[in-house]
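J.: Right, I'll just put the structure down here and ask away after.
The values are calculated or read from the model by the stated rules, or taken from the named source; none is laboratory data. Quantities reported herein were computed from a predicted structural model and do not represent experimental measurements. Please note: Cβ atoms are built from the backbone with ideal geometry, for glycine as well, and neighbour counts cover all protein chains shown.
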Amino acid sequence: MRVEEQTIQVLKQLLDAEEQSEHPTKLPADTYSRIATYVQKLRRSSGDIITADDPLSRLTRKQLWLLEGMGRQLLDRRIAKALSRHDVRDLLPEEKFVCEFYMEFERMRGRFVKAVANGQQSVFTTLQKDQMRKMVTVRFKKPLEEVVGFDLNRYGPFRVHDVAEIPAANAEVMISNGDATIVHTKDSI
């Protein structure tokens, strides 16, 4: 059996086992990296499959679609189980990383709803201030003169392809105008 058939077949077996179990199953530590390695190999060997309409390109796109969908289902099921049990011990380290964002989201949402229910207007003032202080990394698609940020600091001037950290509110405007695009940094994965 070829490596690609094994990768898809193993992923299908892992997904089936996960669907049949109440608790997160034991996964090989390299599960996601093996899938990613195969996807990378598949993309490299297939060239420009996005626009090609030959049978091999269609098959490759279908494999990529299946791998993405099955990988997403596996991750979603495992995280849902961990969240419902409030126990992440059976998750792989990379799954725990993703799960932490879900848990943080739930905590923030709970605080937000509680503030509404308790009439705590000060919470919303704090959230607004925090959002106004939030910084975002962008890459400029067009030259731009110096701008005054929502934080009243000066930024720029910028040339095409410059990368800068600017207030999120300014970034939203620049991105919507087509002047910049967001850059996802290591901290913003």
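J.: Against the conditions (1) in contact (Cβ under 8 Å) with a residue 12 or more places away in the chain; (2) of a type outside the set (Phe, Trp, Tyr); (3) surrounded by 16 or more Cβ atoms within 10 Å (Cβ to Cβ), where does ARG43 fall short? Just the number, please.
T.: Status for ARG43: all satisfied but (3).
J.: Report those strands (runs of 3 or more DSSP E) wholly inside region 83-189 carrying at least 3 residues which are closer than 30 Å to PRO28 by Cα and either of a type outside the set (A, V, I, L, M, F, W, C) or assigned by TED's automatic domain parsing to the domain that holds THR25 (or both). Give the derivation first.
T.: Numbers: elements: 135-140, 163-167, 180-182.
Where strands (runs of 3 or more DSSP E) fall fully within region 83-189, none carries at least 3 residues being closer than 30 Å to PRO28 by Cα and either of a type outside the set (A, V, I, L, M, F, W, C) or assigned by TED's automatic domain parsing to the domain that holds THR25 (or both).
J.: Right, something else. What residue, among those in region 62-74 that are in contact (Cβ under 8 Å) with a residue 40 or more places away in the chain and under 20 Å from LYS26 (Cα atoms), is surrounded by the fewest Cβ atoms within 10 Å (Cβ to Cβ)? Let's see the steps before the verdict.
T.: Residues of region 62-74 in contact (Cβ under 8 Å) with a residue 40 or more places away in the chain: 63, 66-67, 70-71, 73-74.
Imposing the further condition that a residue be under 20 Å from LYS26 (Cα atoms) reduces the set to 67, 70-71, 73-74.
On the way: LEU67: 19, MET70: 16, GLY71: 18, GLN73: 14, LEU74: 23.
Per the criteria, the residue is GLN73.
J.: Here is a further query. Of everything in region 128-162 that's free of Cβ contacts under 8 Å to residues at least 12 places away in the same chain and aliphatic (A, V, I, L, M), which residue is farthest from MET174 (Cα to Cα)?
T.: LEU152
J.: Further, regarding this structure: Give me a count of the residues in region 51-81 that are in a helix (DSSP H, G or I), modelled with pLDDT under 90 and among the β-branched types (Val, Ile, Thr).
T.: 1
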